[in-house]
Each structure stands twice: as structure tokens, then as C-alpha cells.
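Trainee: There's a structure below that I have some questions on.
The values are calculated or read from the model by the stated rules, or taken from the named source; none is laboratory data. What you are looking at is a predicted structure, and each value in this text was computed from that prediction instead of being measured. Neighbour counts are summed over all protein chains in view; Cβ atoms, including those assigned to glycine, are modelled from backbone coordinates with ideal geometry.
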Amino acid sequence: MISFNVPPFIGTELDYVKQAIDAHKICGDGQFTQKCHAYLEERFGAQKVLLTTSGTTALEMAAILCGLKKGDEVIVPSFTFSSTATAIVLTGATPVFVDIRPDTMNIDETKIEAAITDRTRAIMAVHYAGVACEMDTILDIAARHNLKVIEDAAQGVMSTYKGRALGTIGDFGCFSFHETKNYSMGEGGALLIRSPENNDAAEILREKGTNRARFFRGQVDKYTWVDYGSSYLPSDMNAAYLWAQLQEADRINENRLAIWKTYDEAFAPLAESGRIEVPSVPADCVHNAHMYYIKLRDLEDRTAFISCMKDNGIITVFHYIPLHSAPAGLKFGRFHGEDRYTTSESDRLVRLPLYYGLTPEDQQHVIRTALDFLNRD
Ligand SMILES: *Cc1c(COP(=O)(O)O)cnc(C)c1O
């Protein structure tokens, strides 16, 4: 049986987790959390990074820090994970869904401006499959309409757009370190903050509404409840697991990219002949091989493909049911403009097994089985 995903494991994780335990510091913001913060800031050129309990809670923090409130609107693609929209809904604001571009499955930047109203406050750019949205256009629209930009870079750790790390381009960036992502701590994530003006507010929000972080830096002589907050900081044991992955970030990335490239070469002839479509990466974008997907003819073709792969012991998966047509999407949001690609393209997409350490033998079995199916007609 070939799994769709195996969480990354380097080998040093247990040792680091033990070190956290031995140091009698397993709550948040211990030594491993600090190491991860410093690494992520340095590696990605981020002004400030804070580990969070998930990508979802990083998105929630970003939405709250943007000051979103009831009556506000946020422009977001419908082809994304529920968390992108729930973060908006948490603040009382309304997600306004816009169509995607079929080549990258990212929000169609040319359709954003028409969806702006006098209530629009922010744009959520989701970098699907770790391939960047057209950020220059999005930043330009945001600047002209005085909107915040939140990057959902849950899938985009290690990817760049015109040389800049995803997550560092908008006002806030959100990473996920869930077990299905390129780097993992089980459940976890990070908030990236562009402007230092937001640092204090972010620390207070993350630490139950207290100025504890300032207290530890000796900037205030006691800490107290100063604003709304919640508990968004992960255990240092989880950070220890992540630290092992970050130290091997390049090795993991290179392994994933090699697997991605092997798929892409194997499927190139069928993409050429028009039997399937394969991912496209715009010239300005460097991706992180977060996923390899192919697009089949239609829903029926995809269902037959997934079932044929399963019969041969290979798990392949599809996503997302477009948010605007999902029960909560109907309740909380609305779609602006025409759904030209969101539904039809999501019906055709299937993801192939791709994880750190997928063996060449297993990958060849996936490729052979897929080609057998696809060459049938
Ligand atoms: C994984 C993911 C999230 C949520 O991250 P969690 O760490 O699982 O909470 C949000 N948005 C996108 C696009 C994702 O892929």
C-alpha cells in the first residue's frame, strides 16, 4: 500500500523532544521555539515570526490583527481549505469568493478589483501547492484601495515570488506545520509579521491578552491583562520536533523537488497530447514541491482514476469542495462574479503521493499504474 502522505521524520526529533523534557520546559516559547523563530526569520528575511498552534490559528491571528469586524468584507478564493475562510468568519467579517486561474489554481488577480466594495478591508492570497499568487498585482490593488493583504502560505514554506519568501510579502503571512505539510510539528504553524508596528499586538494576542513577552524582555516590570487574547503558542515539545525538520530543510526540499520533477517528466507526454493537465509554475515563482497534481477530463474520469489507483494499492486524493457551494460557504459568504473555473477545475484535480522519503520504487509503481490508466483512452 502506498500512502498519500507520510509525515516527515528526520531522526533527530526524539533527541530534541527529550532535551525539551530534560530542561523542564515543555510549555510555549522555550528554547526550541526560540530556535525556530530565529531560523525562520533569518532564512526567509522575515521581520518577525511567531510559532502558533496551527496554520488555522495563524490565519485567525492575522484576521484579528487586521482589525476585521462585522460588516467588513475580505476577498478570498473559493478553491481553498476551510481555515482560510473560518479565520474571516471568526471576526464577523464576510468572505467574498472570487474565481481562480486554471493554470495555478490561485485567485485570479484580474477579478479582484471588480469584487471590491466600500466594505472591503483585506485580500487573502492563498499560494496553492506552494506556487505564488501574482503578488505584484495584488499588492498594487491593495495599495490603491487601502486594503490589508494576508498570505495563506500554509503550503508555501520555502517557496519564493520574485526572490521573496512567501509569507513575507503581505502584511501578514501564515505557515502551516501540520503533518501533511512539507515541514511538520504534528499540529502547528507560524505567523509572519511584516511591520514592526504589529509585533506588540501580535504577542499580546498570542499570550492570552497579556504583555508577558514584554515582561520577559524586561520592558515592563509586571505583566498584566492588556487586551483581547487567546492561547496561540505551541508546546516546546512540538517546536523541538519542528527544529529537527528545519535543520534539514534543504534536504527535505531537494528530495521533494526531485520526486516532483520525476512525476512531471513522466506525465509530460500526456500533457503534451492533451490527455491530462499538469501544474504550471509561472516564471517568477520558485516552488517547494508541496504537491503534484494532475487534472483529468472531468469528474467521471477522475473517479475512475482514483478507484483504479486504489485497486493497485495507491492512495490518491482530491480537494477542495469549493467553499462557496459548501454549507458554511452559503451561510457565511458570497461569490462575486462568474464561477468559470473554481468548480469545474476542482472536479478534475487529483493529487498523487508525494512526501519526504517516498522511495523511487514506490514512485515508479505510482507512475506505471497512472500511465496504464491514462493510456487506455
Ligand atoms: C493546511 C492548510 C491550512 C491550515 O493549516 P493547519 O495547520 O492544518 O491548521 C490553511 N490553508 C491552507 C491553504 C492549507 O493548505
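Trainee: Could you grab me the full set of residues in region 38-59 that are free of Cβ contacts under 8 Å to residues at least 40 places away in the same chain and either within 16 Å of the ligand (Cβ to nearest atom) or not aliphatic (A, V, I, L, M) (or both)?
Mentor: Passing the criteria: Glu41, Glu42.
Trainee: Here's something else I'd like to know. Tell me which residues, restricted to region 306-336, are of a type in the set (A, V, I, L, M, F, W, C), more than 23 Å from the chain's Cα centre (by Cα) and not in a helix (DSSP H, G or I).
Mentor: Ile314
Trainee: Here is a list: Gly313, Gly329, Gly337. Which entry is over 26 Å from Ile116 (Cα atoms) and either out of contact with any helix residue (DSSP H, G or I) (no Cβ under 7 Å at 6 or more places or on another chain) or at pLDDT 95 or above (or both)?
Mentor: None of the others qualify; the one that does is Gly313.
Trainee: Same structure again: For region 258-296, which positions are assigned to a loop (DSSP other than H, G, I, E, B) and either of a type in the set (A, V, I, L, M) or loosely packed, with under 15 Cβ neighbours inside 10 Å (or both)?
Mentor: Gly274, Ile276, Val278, Ser280, Val281, Ala283, Asp284, Ala289, Met291, Leu296
Trainee: Sort out which residues of region 109-146 are over 25 Å from Ser54 (Cβ atoms) and touching a residue at least 60 places away in the same chain (Cβ under 8 Å), and write them in order of number.
Mentor: Lys111, Ala114, Ala115, Glu134 - these are the residues of region 109-146 that are over 25 Å from Ser54 (Cβ atoms) and touching a residue at least 60 places away in the same chain (Cβ under 8 Å).
Trainee: A further question on this structure: Can you pull out the residues in region 181-199 that are within 16 Å of the ligand (Cβ to nearest atom) and of a type outside the set (Gly, Ala, Ser)?
Mentor: Correct list: Lys181, Asn182, Tyr183, Met185, Glu187, Leu191, Leu192.
Trainee: Out of the residues in region 228-239 meeting the condition of being surrounded by fewer than 16 Cβ atoms within 10 Å (Cβ to Cβ) and under 11 Å from Ala202 (Cα atoms), tell me which one is nearest to the chain's Cα centre (by Cα).
Mentor: Filtering region 228-239 for residues that are surrounded by fewer than 16 Cβ atoms within 10 Å (Cβ to Cβ) and under 11 Å from Ala202 (Cα atoms), the one nearest to the chain's Cα centre (by Cα) comes out as Ser230.
Trainee: Does Cys308 fit the bill of being over 20 Å from Thr180 (Cβ atoms), of a type outside the set (S, T, N, Q) and in contact with a helix residue (DSSP H, G or I) (Cβ under 6 Å, 6 or more places away or on another chain)?
Mentor: Yes, satisfied.
Trainee: Only one of Ala202, Ala213 is at pLDDT 95 or above, buried (at least 18 other Cβ atoms within 10 Å of the Cβ) and either within 12 Å of the ligand (Cβ to nearest atom) or of a type in the set (Gly, Ala, Ser) (or both). Can you tell me which?
Mentor: Unique residue meeting the criteria: Ala202.
Trainee: Residues in region 136-152: is at least one within 12 Å of the ligand (Cβ to nearest atom) and over 14 Å from Val76 (Cβ atoms)?
Mentor: no
Trainee: Also, I was wondering about something else. For region 107-140, give me each residue that is among the small types (Gly, Ala, Ser) and assigned to a helix (DSSP H, G or I).
Mentor: Result: Ala114, Ala115, Ala129, Gly130.
Trainee: Taking helices (runs of 4 or more DSSP H) that fall entirely within region 28-106, which contain at least 1 residues that are small (Gly, Ala, Ser) and buried (at least 21 other Cβ atoms within 10 Å of the Cβ)?
Mentor: Passing ranges, in order: 55-65, 82-90.
Trainee: Out of Glu187, Glu203, Glu197, Glu179, which single residue is touching a Gly at 6+ places or on another chain (Cβ under 7 Å) and among the acidic types (Asp, Glu)?
Mentor: Glu179
Trainee: From the list Val98, Val89, Val76, which residue is within 16 Å of the ligand (Cβ to nearest atom), closer than 23 Å to Ser176 by Cβ and out of contact with any Ser or Thr (no Cβ under 9 Å at 6 or more places or on another chain)?
Mentor: Of the residues listed, the single one that is within 16 Å of the ligand (Cβ to nearest atom), closer than 23 Å to Ser176 by Cβ and out of contact with any Ser or Thr (no Cβ under 9 Å at 6 or more places or on another chain) is Val89.
Each row is one residue, and each column tells you yes or no for (1) touching a residue at least 12 places away in the same chain (Cβ under 8 Å); (2) among the β-branched types (Val, Ile, Thr); (3) at positive phi.
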position	(1), (2), (3)
Asp227	yes, no, no
Asn238	yes, no, no
Ile259	yes, yes, no
Gly274	no, no, yes
Glu277	yes, no, no
Met291	yes, no, no
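Trainee: Within region 335-343, is even one residue touching a Cys at 6+ places or on another chain (Cβ under 6 Å), surrounded by 14 or more Cβ atoms within 10 Å (Cβ to Cβ) and not acidic (Asp, Glu)?
Mentor: no
Trainee: Let me ask something else. Suppose we keep only residues that are surrounded by fewer than 24 Cβ atoms within 10 Å (Cβ to Cβ) and part of a loop (DSSP other than H, G, I, E, B) within region 159-180. Which one would you say is nearest to the ligand (Cβ to nearest atom)?
Mentor: Filtering first and then ranking leaves His178.
Trainee: Let me confirm something: among Thr104, Thr53, Thr91, which residue is over 19 Å from Gly173 (Cα atoms) and among the polar types (S, T, N, Q)?
Mentor: Thr104
Trainee: Suppose the filter is among the β-branched types (Val, Ile, Thr) and either in contact with a strand residue (DSSP E or B) (Cβ under 6 Å, 6 or more places away or on another chain) or at pLDDT 95 or above (or both); does Thr224 pass it?
Mentor: no
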